[in-house]
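The values are calculated or read from the model by the stated rules, or taken from the named source; none is laboratory data. None of the values given here were measured: they were computed from a predicted structure. Here Cβ is always computed from backbone atoms with ideal geometry, including for glycine, and neighbour counts include all displayed protein chains.
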Amino acid sequence: MLIEQKIIHDARTSNFRTASRTDRGVSALGNVCAFDTTVSPDEILILLAKDASELFLYGTQEVEPGFYPRHAKRREYRYYLRNQGLDVGLVLSAAVLFTGEHNFQNFARVEPLKNPVRVIDNIVVSEKQDYFVLDFFAQTFLWNQIRRIVSAVKKVGGGTLSLDVVRQALDHPEKKVDFQIVTSEPLFLKDVVYDFSFDYVKDYKKQLLRFEKNIVSSL
């Protein structure tokens, strides 16, 4: 769309970069991209507002040359876990195990030479209609990390996996354990946070809420 609207010529010469990669099927409500352009932020908003059916640009900011969007302060993800008789107490207890610094070798698809140690600042669990909503807060995540964590949380909540087994898998990453992976469609990249703020369009939160509700209704 950026090329179609002549905002950039191509991804390479414009230094196009994104803040986060997501698995196939994951929705992004708050991803950030950076690129070089001679078009003003106001013009970009006008040009991209012509088709907001699947892409909604709601904030812009001019940044210094060399800005790299991957270097974010925090990323926020949300997973809608359908409550099929899960025990709320066990779900909460399982989620707590993953906060803080851990070696997530058993809870991610770790790429070669990638450090499997990550810090999850917080996991907030709430109930919304037929779902447990799990909000994850961290600076960085590993590939498939959230979906594999949610799979373990789901198994604990359903009584097929003990908290102790999960704890052992975190404490002893050298002992390979596979807790499987949940589907990608209920996962949302909610926000990417930096040390600066964006200039937002009016009522953007209402539009984002509509997008999220439409996606959840189709799950």
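Being of a type in the set (Phe, Trp, Tyr), in contact (Cβ under 8 Å) with a residue 40 or more places away in the chain, farther than 21 Å from Tyr131 by Cβ and in contact with a helix residue (DSSP H, G or I) (Cβ under 6 Å, 6 or more places away or on another chain) is a property that Tyr58 has. Taking the range 123-138 as the range and being more than 17 Å from Phe107 (Cβ to Cβ) and in contact (Cβ under 8 Å) with a residue 60 or more places away in the chain as the test, only Tyr131 passes.
Every residue in the range 99-112 that is part of a strand (DSSP E or B) and among the small types (Gly, Ala, Ser), please. So that I can check it myself, show each step before the final result.
Initially, the range 99-112 is screened for residues part of a strand (DSSP E or B), giving 100-103.
The answer is Gly100, and nothing else.
Out of all the residues in the range 66-92, which are out of contact with any helix residue (DSSP H, G or I) (no Cβ under 7 Å at 6 or more places or on another chain), touching a residue at least 24 places away in the same chain (Cβ under 8 Å) and assigned to a loop (DSSP other than H, G, I, E, B)?
Selection gives Phe67, Tyr68, Pro69, Arg70, Ala72, Lys73, Asn83, Gln84, Gly85.
Would you pick out the residues in the range 13-26 that are under 25 Å from the mean Cα position of the chain (by Cα) and either of a type in the set (A, V, I, L, M) or over 15 Å from Pro69 (Cα atoms) (or both)? Across the range 13-26, the qualifying residues are Ala19, Asp23, Arg24, Gly25, Val26. The residue list Val124, Val166 contains one member that is closer than 30 Å to Tyr194 by Cβ and of a type in the set (A, V, I, L, M), which is Val124.
Taking every residue in the range 155-179 that is farther than 25 Å from Phe132 by Cα and pairing it with any residue that is part of a loop (DSSP other than H, G, I, E, B), at least 6 positions away or on another chain, the pairs with Cβ-Cβ distances below 8 Å are Pro173/Phe104; Pro173/Pro116. Every test in (1) outside any strand (DSSP E or B); (2) at pLDDT 90 or above is passed by His9 save one, and that test is (2).
Which strands (runs of 3 or more DSSP E) sit wholly inside the range 113-219 and have at least 3 residues that are surrounded by fewer than 16 Cβ atoms within 10 Å (Cβ to Cβ)?
Numbers: elements: 117-128, 131-138, 187-193.
Because the criterion is at least 3 residues that are surrounded by fewer than 16 Cβ atoms within 10 Å (Cβ to Cβ), the strands (runs of 3 or more DSSP E) in the range 113-219 that meet it are 117-128.
Go through the range 7-46 and give me each residue that's at positive phi and in contact (Cβ under 8 Å) with a residue 40 or more places away in the chain. Result: Gly25, single match.
Condition first: at pLDDT 90 or above and surrounded by fewer than 17 Cβ atoms within 10 Å (Cβ to Cβ). Now tell me which residues in the range 65-82 satisfy that. Break it down stepwise before answering.
From the range 65-82, those at pLDDT 90 or above are 67-82; that's our starting set.
Passing the criteria: Phe67, Tyr68, Arg70, His71, Lys73, Arg74, Arg82.
The residue list Thr22, Thr37 contains one member that is among the β-branched types (Val, Ile, Thr), touching a strand residue (DSSP E or B) at 6+ places or on another chain (Cβ under 8 Å) and surrounded by 15 or more Cβ atoms within 10 Å (Cβ to Cβ), which is Thr22. Any chance you could count how many residues in the range 84-109 are in contact with a strand residue (DSSP E or B) (Cβ under 6 Å, 6 or more places away or on another chain) and either small (Gly, Ala, Ser) or modelled with pLDDT under 95 (or both)? Residues in the range 84-109 being in contact with a strand residue (DSSP E or B) (Cβ under 6 Å, 6 or more places away or on another chain) and either small (Gly, Ala, Ser) or modelled with pLDDT under 95 (or both): 1 in total.
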